[in-house]
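Asker: Encoded as structure tokens, here's the structure I'll be asking about.
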Amino acid sequence: MNNETAKSAIYCFGLALTARIISVILTTATAFNPESAGDAVEFGNYAEMIAFGLRNGNPYSNTPSSVDPTQFLIPLTSVNIYELWGTLLAPFWLLPGPSGFYARLGNALLGALAIYNVYVIARYYHSHQAGFLAALPMIFYPSFVAVHSTLLREAVILFAITTTAQLLIIPSNRRSRLLTYAMAGGLLHVALLLRSDNVFIYASAIGAGLAVYAFESEYISKQSLGVGVILSSAVFIVALPFVRDGVEFLARTRELRAKGRAVYLPEIVPQTVLELGVFSWIGGAYFLYAPFPWMIETIPDLLVGFEGLISICYTLFAVWGIRSLGRKNWPATIALLVGLGVALVLYGVGTANYGTGMRHRQMFLWVVFLFGGIGFSERVRIVWPFSYSSHRSSKTREPST
């Protein structure tokens, strides 16, 4: 990263962090932030109980169950998320002073670093303008700022995902490939610990990117690719009973979440693979953009609904962004698109409440902003009031996936 890129990246990071610190202060001092209730309170309570237990030599003496050290090494094991995330937050409660404030600052810092990552990726592959536009909604969306200034997990997961993406699709002369893969693996491990149901999303994205990279590098011939497609179809048919089980799981999840004021389409519950396929694009649209204008009832609804309209605009410009990034790094483009597509199917079908969807979509909406920022910059050039170049041509060397 050259000095020009570093300066503009730090500017975006500082802007994002400032907005989040202000929100952290308001969240700690008032009940202004609606995202600081519910799960956020429960996570804080567990962290406090575990910290109290740590002082007495038994961290889980006050919790219903415990987290075995091996469960931190195996992210797909069944574990109570309140105790796991509470364990990771507990060190803040060992510090003197306002422990919750410290923990929220930590979340805010990681949320700002995630925005830094998105800026750097868009800047590397296009321009300062593309990077700033990709980061802009993440910096100022009220929903992003609100979630990142609480004790919820989404900021940490977003940081892990975006840092992994930056490590894998932007090459570095300062570290070896082995170190890069080890760092990316460690970050994905943390992301899976905090939300293990994303495993299919990560696996699909990485698998698709590797397949395209292998084909481009001529490790796989066209004939082998054709055989792979045929075998994949056969594997899908063999695995159909497991797919049906997955559809049933998503249906149950949707039914459980179909409650509260912010519920939408509760009567639609896909029960078959065909129904899932038909509904997935509708559910995906609601997941990414809801609440729509006809669903707005309160001021917070209005704010989040306005975010949805902006996100739709980014989606439209993303068409050009996909083409632009695809010309420079096709494996990365496919990996991001496949990961986003799988996420929209799983979360689009499994989510029936736009309050829940607002939190969860933050893990994936950055991909839309990345492509949208690049796409807009392909069509429109803005004269920026900064000393550094507003439109730098991207490097042509091909990064690894």
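Asker: Against the condition acidic (D, E), surrounded by 12 or more Cβ atoms within 10 Å (Cβ to Cβ), closer than 14 Å to H148 by Cα and touching a helix residue (DSSP H, G or I) at 6+ places or on another chain (Cβ under 8 Å), how does E48 come out, does it pass?
Answerer: Against the criterion (acidic (D, E), surrounded by 12 or more Cβ atoms within 10 Å (Cβ to Cβ), closer than 14 Å to H148 by Cα and touching a helix residue (DSSP H, G or I) at 6+ places or on another chain (Cβ under 8 Å)), E48 does not qualify.
Asker: Something else now. What is the number of the single condition among (1) assigned to a helix (DSSP H, G or I); (2) open to solvent by less than 10 Å² (accessible area, probe 1.4 Å) that T150 does not meet?
Answerer: (1)
Asker: Hey, does the range 225-240 have a residue that's farther than 30 Å from T70 by Cβ, free of Cβ contacts under 8 Å to residues at least 60 places away in the same chain, open to solvent by 40 Å² or more (accessible area, probe 1.4 Å) and in a loop (DSSP other than H, G, I, E, B)?
Answerer: no
Asker: Can you pull out every residue in the range 192-226 that is touching a Pro at 6+ places or on another chain (Cβ under 9 Å) and of a type in the set (K, R)?
Answerer: The answer is none; no residue qualifies.
Asker: Give the residue that is modelled with the lowest pLDDT, with candidates limited to residues of the range 190-204 that are loosely packed, with under 15 Cβ neighbours inside 10 Å and within 18 Å of A155 (Cα to Cα).
Answerer: The qualifying residue modelled with the lowest pLDDT is D197.
Asker: Moving to a separate point now. Identify the single condition in (1) open to solvent by 70 Å² or more (accessible area, probe 1.4 Å); (2) among the hydrophobic types (A, V, I, L, M, F, W, C); (3) in a helix (DSSP H, G or I) that F32 does not satisfy, given that it satisfies every other one.
Answerer: (3)
Asker: In a loop (DSSP other than H, G, I, E, B), touching a helix residue (DSSP H, G or I) at 6+ places or on another chain (Cβ under 6 Å) and in contact (Cβ under 8 Å) with a residue 40 or more places away in the chain - does that describe any residue in the range 313-327?
Answerer: no
Asker: Consider S176 carefully, then state whether it is of a type in the set (G, A, S), open to solvent by 10 Å² or more (accessible area, probe 1.4 Å), modelled with pLDDT under 95 and over 13 Å from the mean Cα position of the chain (by Cα).
Answerer: Working: of a type in the set (G, A, S): yes; open to solvent by 10 Å² or more (accessible area, probe 1.4 Å): yes; modelled with pLDDT under 95: yes; over 13 Å from the mean Cα position of the chain (by Cα): yes.
Yes: the conditions hold for S176.
Asker: Specify the residue that is surrounded by the most Cβ atoms within 10 Å (Cβ to Cβ); the eligible residues are those in the range 71-94 that are part of a loop (DSSP other than H, G, I, E, B) and out of contact with any helix residue (DSSP H, G or I) (no Cβ under 6 Å at 6 or more places or on another chain).
Answerer: Per the stated criteria, the residue is N80.
Asker: Determine whether the range 66-75 contains at least one residue that is free of Cβ contacts under 8 Å to residues at least 40 places away in the same chain and either of a type in the set (S, T, Y) or touching a Lys or Arg at 6+ places or on another chain (Cβ under 9 Å) (or both). If you could, list the steps in order and put the result at the bottom.
Answerer: Let us first name the residues in the range 66-75 that are free of Cβ contacts under 8 Å to residues at least 40 places away in the same chain, namely 66-71, 73-74.
The next check asks that each one be either of a type in the set (S, T, Y) or touching a Lys or Arg at 6+ places or on another chain (Cβ under 9 Å) (or both); those that pass are 66, 70.
Yes, the range 66-75 has at least one match.
Asker: Please enumerate the residues belonging to the range 343-358 that are open to solvent by 20 Å² or more (accessible area, probe 1.4 Å) and either of a type in the set (F, W, Y) or closer than 18 Å to D245 by Cα (or both).
Answerer: Those that are open to solvent by 20 Å² or more (accessible area, probe 1.4 Å) and either of a type in the set (F, W, Y) or closer than 18 Å to D245 by Cα (or both): V345, L346.
Asker: Going by the structure shown, is F306 aromatic (F, W, Y), in a helix (DSSP H, G or I), open to solvent by 40 Å² or more (accessible area, probe 1.4 Å) and free of Cβ contacts under 8 Å to residues at least 40 places away in the same chain?
Answerer: yes
Asker: Then there's this: When you check E255 against the structure, is it farther than 29 Å from I299 by Cβ and surrounded by fewer than 18 Cβ atoms within 10 Å (Cβ to Cβ), yes or no?
Answerer: Judged against the criteria, E255 is a match.
Asker: Enumerate the pairs (first residue in the range 162-187 and within 20 Å of R123 (Cβ to Cβ); second residue anywhere and open to solvent by 40 Å² or more (accessible area, probe 1.4 Å)) with beta-carbon separation below 6 Å, excluding pairs fewer than 6 apart on the same chain, so at least 6 apart or on different chains.
Answerer: L167/M183
Asker: Okay, moving on. Can you tell me which residues in the range 262-303 are assigned to a helix (DSSP H, G or I), touching a Phe, Trp or Tyr at 6+ places or on another chain (Cβ under 8 Å) and open to solvent by 30 Å² or more (accessible area, probe 1.4 Å)?
Answerer: Within the range 262-303, just Y286 meets the criteria.
Asker: Working carefully through the options R55, R20, R104, find the one that is more than 30 Å from L133 (Cβ to Cβ) and among the basic types (K, R).
Answerer: None of the others qualify; the one that does is R55.
Asker: Quick check on my filter: what residues within the range 97-126 are outside any helix (DSSP H, G or I) and surrounded by fewer than 24 Cβ atoms within 10 Å (Cβ to Cβ)? Walk me through it before giving the result.
Answerer: Going residue by residue through the range 97-126, those that are outside any helix (DSSP H, G or I) are 97-98, 126.
G97, P98, listed by residue number.
Asker: Quick one: D197 ticks every box in (1) part of a loop (DSSP other than H, G, I, E, B); (2) within 20 Å of the chain's Cα centre (by Cα); (3) of a type in the set (D, E) bar one, so which box is it?
Answerer: Result: D197 fails condition (1) only.
Asker: Give the range 311-342 a look and list any residue that's buried (at least 17 other Cβ atoms within 10 Å of the Cβ) and under 16 Å from A290 (Cα atoms), or say none.
Answerer: S311, Y314, T315
The values are calculated or read from the model by the stated rules, or taken from the named source; none is laboratory data. All values derive from a computational prediction rather than experimental measurement. Glycine also receives a Cβ, built like all others from the backbone with ideal geometry; neighbour counts cover every protein chain displayed. Ligands, DNA and RNA are stripped out before the accessible areas are found, and what is left, the full protein with its side chains, is counted by its heavy atoms. Shrake-Rupley method; radii C 1.70, N 1.55, O 1.52, S 1.80 Å.
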